[in-house]
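Working notes, beginning with the structure itself.
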Amino acid sequence: MNKYLKYSLIGVLVLGALWAAVFFIKSNSKSAVTYETSKPFISNIEKKTVATGKVIPEDEIEIKPQISGIIEKIFMEEGEMVKAGDLIARIKVVPNEQSLNQSRGRVRNAELALNNVKIEYDRNKALFDKGVISSQDFNSLQLQYDQAQQELTNSRSDYQIIRRGSAGGSATANTNIRATVNGTILEIPVEEGDQVIQSNNFNDGTTIASIADLTKMIFEGKVDEGEVGKLQVGTALKISLGAVEGKELDAKLRFIAPKGVEETGAVQFKIEGDVEVNDSIFIRAGYSANASMILEKKDSVLVISEALLQFDKKTEKPYVEVIVGSAEDQKFERKDIEIGISDGVNVEIVSGITEEDEVKQWNKTEPIKKGDDEEGEEDEEDEDSEKSDE
């Protein structure tokens, strides 16, 4: 009887172990993954690139003084529209004492020379009227007298220019800073009381104001060397402004730099495009902008999603897996393909598959079951409690 009981207990234990193993295997087994498929389709595809840059006026003019001095009065403000000849500011001249003294001495010398020549002129004129001297001798004295008068006039004008900034009879004074073109005042970097320097051969001079026509704007940006070879002058651009959402401006590429500049290890080429300004959008100079341009375009070609592509580890050539038989069998066959241009979402299929093939979708994942998720959270809580007890 004891022997029978012993074998019975062994049998029960074996059956229990088998049942536990089967239960464990079933509870931890995963269902087979079923891959979905998609077919190639006919579509238009465009390869685009985006250049970052800014929108600036085509021409920006800097107004500089023709004489040094101090800003006495500013008549305009930034943002105002001006026409050529409008008064922007006035300069108060602070003459150089040495130059002023030299000019005053030149005037005095001219006066002395004129007085001396006049005495000689008056004496010889009386003799000429009596017929004592010839007309040739008198004409020579007349010329000297006229030259002395002109020298005095010139020296007095120079003295007034050094002292006041302009000659008394001139139509426009150098102290008056006027606009040279029509446009909008972008910037007035000086204030009343600031000292300014005149523009000359050795100095650019102080900028009183900068003026530009905001109806003539250009896009200025940079593109990578890998894309610049595909650009052509006249290519259409779409300009999106960072400060204006939801609107785009049309533009045409007008310039591609013949020389690149290396920036952070990559060679960049400067480009410019004429922007068609829309009256409904007020564009300020210096807005940051992106220019989208089409590098390549093909119509009605066979394409698939780029997510369906795989690449051979050795040859690095693209391939896809195409279903063989019915979808329930989940049998796939590898097919090497040749691809063309891509827009980042879809890629052109040159050869390898047809429109009728069903291509395997990769990276298929199963959704997490709610029960499994809750169990996982409970396990984590148990582990945390155990750590805290320790």
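Readers should treat all values here as calculations from the given coordinates under stated rules, not as data from a laboratory. Just so you know, these numbers come straight off a predicted model, no measurement behind them. Cβ placement follows ideal geometry from the backbone for every residue including glycine, while neighbour counts extend to all protein chains displayed.
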Nitroxide proxy distance, nm - points 7 Å out along Cα→Cβ at Ser305 and Lys73: 7.3 nm
Given backbone amide H placed at 1.01 Å from N, residues whose amide H is under 5 Å from that of Arg254, ignoring those fewer than 5 places away on the same chain, are Gly234, Glu272, Gly273, Asp274
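Using C-alpha positions alone, give me the convex hull volume of region 97-164 per residue in cubic angstrom. Each step should come with its number before you reach the end.
Details: hull volume 4.0 nm³, N = 68.
Per-residue hull volume (Cα only) is 59 Å³.
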Distance (nanometres) between label positions extended 7 Å along Cα→Cβ at Ala243 and Thr180: 2.6 nm
On a full-extension model of 0.36 nm per residue, what is the gain between Gln102 and Thr354, subtracting their alpha-carbon distance, rounded to one decimal in nm? 81.3 nm
Amide H to amide H under 5 Å from Glu358: which residues, 5+ apart in sequence or cross-chain, H placed 1.01 Å off N in plane? Ile323
When the chain is fully extended, how far beyond the present Cα-Cα distance does Asp122 get from Ala84, taking 0.36 nm per residue of separation? 8.6 nm
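Taking neighbour counts of Cβ atoms within 10 Å as a proxy for exposure, in what order, fewest first, do Thr153, Thr264, Thr34 appear? Numbers along the way, then the final one.
Numbers: Thr153 13, Thr264 5, Thr34 10.
Listed from fewest to most nearby Cβ atoms, that is Thr264, Thr34, Thr153.
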Enter the Cα centre distance for the pair region 293-319 and region 62-107, rounded to the nearest angstrom. 66 Å
Karplus-derived HN-Hα couplings along region 264-271 (A = 6.51, B = -1.76, C = 1.60, θ = phi - 60°), whole Hz, x at Gly and Pro: 6, x, 10, 8, 10, 10, 6, 10
Sticking with the crude label model, points 7 Å out along Cα→Cβ, report the distance from Gln198 to Lys252 in nm, one decimal please. 4.5 nm
